[in-house]
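Here's the structure, in C-alpha cells; my notes come after.
Just so you know, all these numbers are worked out from the coordinates, no wet-lab data involved. Here the structure is a predicted model, which is why all the values come from computation and not from measurement. Backbone-built Cβ (ideal geometry, glycine too); neighbour counts: all protein chains shown.
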Amino acid sequence: MTFRKARVAVFIDGCYWHGCPIHFVEPKANASFWKDKIEKNRQRDAETNSELEKHGWIVLRFWEHEDPELCAGTIEQVVRQVTAVTKRCSDAAPDH
C-alpha cells in the first residue's frame, strides 16, 4: 500500500514467507530449498526498503500477526506527520 503524496510505503509481511522471528518454523521437508527461499525474500525486502528510502520514501513494515488497529494507527500517525511537515514547508516557501 502506498500513500504517494506523503511518500509512505506500507508492507504487511507474512510470518512464513518473510521469516518472522516469532512465528516462523522451518519446514522439515525440503529444508534447504525453503531456507534459501525465505532468505531471498528477506534480502529482497531489504533491497526494496533501501531503494524506496534512497528515493525519499518512508517504509513501514508490519508482520501479519500484528494488531491491525495498532498498525493502522502507526500508519495514520506517520502519514499525518509527513503531510503536516510537507504543508509547513510549502507554506513557508517564498513565492517565485
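Say we join alpha carbon atoms closer than 10 Å with springs in a Gaussian network model of the chain; which of VAL59, VAL25, VAL82 then has the biggest fluctuation?
Fluctuation is largest for VAL25.
Need the full-extension length gain, GLU39 to GLU69, defined as separation in residues times 0.36 nm minus the C-alpha distance. One decimal, nm.
Gain in length upon complete extension: 7.9 nm.
Based on the alpha-carbon gyration tensor of the chain, what equivalent-ellipsoid semi-axes (square roots of 5 times the eigenvalues) come out, in whole Å, largest first?
Each semi-axis is √(5λ); the values are 36, 16, 6 Å.
From the helices alone, meaning DSSP H stretches of at least four residues, give me the mean residue ellipticity at 222 nm for the chain, per-run term -39500 (n - 2.57), in deg cm²/dmol to the nearest 500.
Counting only the DSSP helices, I get -18000 deg cm²/dmol.
Just to confirm the number: angle between the C-alpha axis of helix 68-92 and the first principal axis of the chain, 0 to 90 degrees, nearest 10?
Orientation of helix 68-92: about 30 degrees from the principal axis.
Relative contact order for segment 1-62: what is it in percent, counting Cα pairs under 8 Å that are at least 6 residues apart?
46
Cross-link candidates for LYS5: which lysines have Cα within less than 21 Å, leaving aside residues fewer than 8 places away along the same chain?
Within the straight-line cut-off, LYS5 pairs with LYS54, LYS87.
If exposed means no more than 12 neighbouring beta carbons inside 10 Å and the site is in a DSSP loop, what's the longest run of the chain without any exposed trypsin sites (Lys or Arg not before Pro)?
It runs 29-96.
Identify all aspartates and glutamates with a Cα-Cα distance to LYS37 below 13 Å; exclude those on the same chain that are fewer than 8 residues away in sequence.
Within the straight-line cut-off, LYS37 pairs with GLU26, ASP45.
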